[in-house]
Every structure is written in structure tokens, then in C-alpha cells.
1. Using the Karplus curve 6.51 cos²θ - 1.76 cosθ + 1.60 with θ = phi - 60°, work out ³J(HN,Hα) for each residue of the range 57-66 in order, rounded to whole Hz, and write x for Gly and Pro.
2. Can you list residues whose amide H is under 5 Å from S385's amide H, if they're 5+ apart or on another chain and H is modeled 1.01 Å from N?
3. Please give the helix 305-318 orientation as an angle from the longest Cα principal axis of the chain, in degrees from 0 to 90, rounded to the nearest 10.
4. Taking all pairs of distinct Cα atoms, average 1/r, flip it, and tell me the Kirkwood hydrodynamic radius of the chain in Å to one decimal place.
5. Hey, what did the chain get for relative contact order, percent, Cα under 8 Å, at least 6 apart?
6. Using 0.36 nm times the number of residues separating A198 and T300, minus their current alpha carbon distance, what extension gain do you get?
7. Mind pulling the per residue volume of the convex hull built on the Cα atoms of the range 85-318? Å³ is fine.
8. Where Rh is the Kirkwood radius over the Cα pairs of the range 339-419, the temperature 4 °C and the viscosity 1.567 mPa s, what D in µm²/s does Stokes-Einstein return?
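Please treat every number below as a calculation from the coordinates, not as lab data. These figures come from a predicted structure and were not determined experimentally. FYI the Cβ positions are ideal-geometry reconstructions off the backbone, even for glycines, and counts take in every protein chain you see.
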Amino acid sequence: MSLANPSAPPAPTAPKAARHARFTEFPTQALLPITSRPEIVFTRGKGGWLYDHEGKRYLDFIQGWAVNSLGHCHPVMRDALATQSGLLLNPSPAYYNVPMIELADLLATRSGLGKVFFANSGAEANESAIKLARKWGQLHPNPSGGARFEIITFKDAFHGRTLATMSASGKPGWDTIFAPQVPGFPKAELNNLASVEALIGPDTVAVMLEPIQGEAGVVPATDTFLKELRVLTKSRGLLLIVDEVQTGCGRTGTLFAHQQAGIVPDIMTLGKGIGGGVPLAAMLCDDAFAVFQPGDQGGTYNGNPLMCAVGLAVMRTVSAPGFLEFVRAQADYLSAGLQHLSSRYGGEGERGAGLLRALRLGRDIGPQLVDAAREMAPDGLLLNSARPNLLRFMPALNVSRDEIDQMLSMLDTLLARHA
Ligand SMILES: Cc1ncc(COP(=O)(O)O)c(C=O)c1O
């Protein structure tokens with residue numbers, strides 16, 4: 001198995017207008033404007049690079065928002081798709097299929113959580129976790145006999161865009177946007193145990209958090225906080241749910257981020273990187289909390305063999321000997337490079353774990369840098385600004401030193417321009 005990205009092919013040489021003549025008029029009127037997209041159409045990707053409709057290439061340090069664990073179109077994923085698509089696409093979730101069984105076994109073994117439910121998105125996996133906790137709270141009511149349903153979540157948390165997961169999220173403004181919220185998600189302060197304790201009441205059934213708040217700007221829960229939370233939840237009869245949709249599957253240098261604190265949650269959710277670019281997510285739980293009965297949870301595509309075959313290929317690659325050591329080495333290299341740029345341009349340092357990192361700019365120039373990076377020539381650079389005062393980096397887990405150097409050099413140029 002090769003850890004390196006397949007080398008990026010040279011930019012195509014055919015005349016621009018002839019190659020993608022149909023993409024000459026922007027914007028299309030047919031898509032709901034759910035985000036303000038730049039006038040670029042991506043036509044292919046390989047490893048760490050994306051190519052647009054005019055043949056311009058972009059070094060990709062977003063990778064589908066921490067999704068493409070192995071970069072664009074990695075051969076193990078292409079092979080898995082090709083093989084599985086010739087065998088079986090969809091027997092229905094009412095039946096077993098081989099990739100579903102193999103991936104469930106691999107995840108259960110690697111996580112120590114005995115039961116797996118497959119979903120299609122991180123939000124759906126989190127909905128499943130919320131439903132499972134509420135079901136458990138019905139079976140283990142409070143002293144007055146009332147079902148326990150409250151799940152303590154955190155300010156600035158991000159758990160998805162369904163109504164329940166938006167309500168569980170602590171994103172500013174989301175409490176009113178589609179009011180009324182789904183009830184039962186009081187918000188504590190991250191890394192403040194007393195704030196969690198203060199919210200525990202007779203209806204509380206669980207605490208749910210991201211080990212690192214990604215969308216909030218790569219804000220880590222400290223190991224001490226995670227350990228104390230584990231002790232607190234156990235002693236108060238509460239479930240601990242970790243949302244590893246962004247941090248899981250090798251992203252932070254261990255298979256799951258919570259492992260770095262030496263804790264084991266009761267429920268864990270995965271998404272994004274598990275599918276490496278195809279829609280796959282999962283909720284895992286300890287056998288003791290596997291209280292769903294047939295009919296409680298499901299979905300048309302759950303455990304779909306095509307997605308699970310790709311997930312299996314990705315997870316086998318990520319958990320192969322040497323892979324996570326490689327991620328940690330690349331992360332150290334990236335971290336040192338970002339720290340250097342921060343010192344040079346008067347920033348406030350960098351933070352994160354593994355290949356989920358943020359550069360704290362000290363000024364609200366993140367969105368400007370993102371636009372300027374994309375417009376660079378001859379190659380563009382794709383960056384994300386999770387908050388206006390920082391940049392977030394989520395390269396492929398097999399990013400090369402050469403790609404990190406290229407990114408740092410391009411960022412150096414940009415920061416010099418915005419100094
Ligand atoms: C921590 C976390 N949870 C849940 C989600 C939602 O995942 P999805 O967009 O696949 O529904 C995200 C997406 O960014 C996330 O970062």
C-alpha cells in the first residue's frame with residue numbers, strides 16, 4: 001500500500017473554450033442558492049488537487065470539509081466502487097450484505113463499541129444518537145417515572161442541519177432561524193465542568209460533544225475535561241455521546257479523537273472521512289445501550305453495499321500499520337510551518353490535532369485570504385475560514401510534504417500581501 005498521493009497530472013493543454021464550452025454562463029438559475037459559490041466548476045480531482053472547467057488546478061486543503069481522507073479519486077476507492085458496482089448495488093437495508101457486515105465488524109473491533117448503525121450523513125448519525133439516548137431515557141426514567149430526554153450540548157457546537165441536530169448545535173443565531181427548536185438541548189460551556197453539572201436535572205439523559213469543535217474554529221475539548229466528563233456522566237447515570245463526524249477516522253492522528261484522552265464513550269457518531277467522499281456515516285454504541293427495537297430507526301440507504309464497500313476500503317487503508325504514524329508526522333510538519341507563519345506575520349499561533357488545524361490570524365481577514373488564495377495563479381489554493389479570524393486546514397490524510405510546502409509558500413505570499 002502506498003501512503004503517498006498519486007502524483008498530480010500536468011494541467012491539460014487543450015484550448016479552454018473548446019474543452020468546456022457549456023460552462024460559459026454563470027450563474028445557473030436552477031440551483032437553490034444555499035451557499036454563495038464562486039464561479040468555478042470542478043471537473044476532476046486527483047490526490048491533493050482539483051481541476052476546474054478552464055483547466056486551472058487548485059491545491060486542496062479543504063478536501064470536501066475533512067471528507068476525502070485519501071484525497072480525490074484514490075485508487076483503493078475507485079477499485080472498491082468498480083468491484084462492488086459489478087456485484088451488488090442495493091439489496092435493501094432489510095437484508096444483510098457483505099460490505100455492511102465487514103465494515104460493521106471492523107468499526108466495532110476498532111472502537112470497542114459493539115453495535116453499529118449505518119447512516120448517510122453526519123446529521124443523520126447524530127439524529128440516531130439522539131433517538132437512541134431518548135429511547136434509553138424512556139427505559140430508565142427519573143424517580144418520578146418521567147422519561148428522561150434532555151441532552152446537554154455545548155455553546156458553539158455543530159451537530160448538523162436537521163431540525164434536531166440544529167437544536168443540539170450551539171451555533172449563534174440557530175436558536176431562532178427555524179423556530180421553534182426541538183426542545184431538550186440545554187447548552188453548557190466547553191471545558192467547564194461546573195457548567196455541565198449546573199444543567200443536570202431529573203430529565204437529563206446524556207451529554208453530547210465534539211472532541212474538537214471543528215466548525216467553531218478547531219476548538220479542542222481538553223483531555224482533562226473529557227476525562228472529568230466521563231467520570232461525571234458515569235456517576236450521574238448519563239450517557240456520553242461523542243460526535244466524531246469531523247474528528248474521526250484518523251483525522252486527528254488517532255483512529256478516533258477521544259482515544260487521545262483515554263476515555264470510552266457510550267455512543268459515537270462518524271461521518272465525513274469514513275466514506276472518503278461517498279455519503280456514509282455511522283452511529284456506534286456500547287452493547288449495554290443498544291436499545292433500538294426493529295422499526296425504531298432505519299432508512300432506505302442504511303448499510304448500502306456500494307457505500308460500505310468504499311468505507312471498508314478507506315477504513316482498511318487508514319487503520320493499516322504505519323498510516324496513523326504518517327498522519328501524525330505530516331501533522332507535526334504542518335503545525336510547525338503554520339506556527340512559523342504565525343510568528344512571522346504577528347498571528348496568534350495555531351492549534352488543533354492531527355490534520356485538523358487552525359491558524360489564528362489575530363485579525364478578521366480569513367474570508368479575504370480564502371478568496372485571494374483561490375484566485376492565485378497559475379495554481380489556486382483552496383482554504384477554509386471557519387471563523388473570520390482564522391483559517392482551518394483539513395488536507396487529505398495522505399498529504400505529501402511537498403504539498404504542505406507548496407501550501408505554506410502560497411500562504412506566505414498571501415499573508416505578506418495582507419500584512
Ligand atoms: C462535528 C460535526 N457533526 C455533524 C456534522 C454534520 O454532518 P453532515 O453534513 O454529513 O450531515 C458536521 C458537519 O460539518 C460536523 O462537523
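1. Karplus-based 3J(HN,Hα) across the range 57-66 equals 10, 10, 7, 9, 9, 10, 6, x, 6, 6 Hz.
2. Close amide H contacts, sequence-distant or interchain: R392.
3. The angle comes out at about 80 degrees.
4. In the chain this quantity evaluates to 22.4 Å.
5. It comes to 21 percent, rounded to a whole number.
6. Details: separation 102, 0.36 × 102 = 36.72 nm, distance 4.02 nm.
This chain segment gains 32.7 nm when fully extended.
7. Roughly 121 Å³ of hull volume per residue.
8. Numbers: Rh = 12.7 Å.
Rounded to a whole number, D works out at 102 µm²/s.
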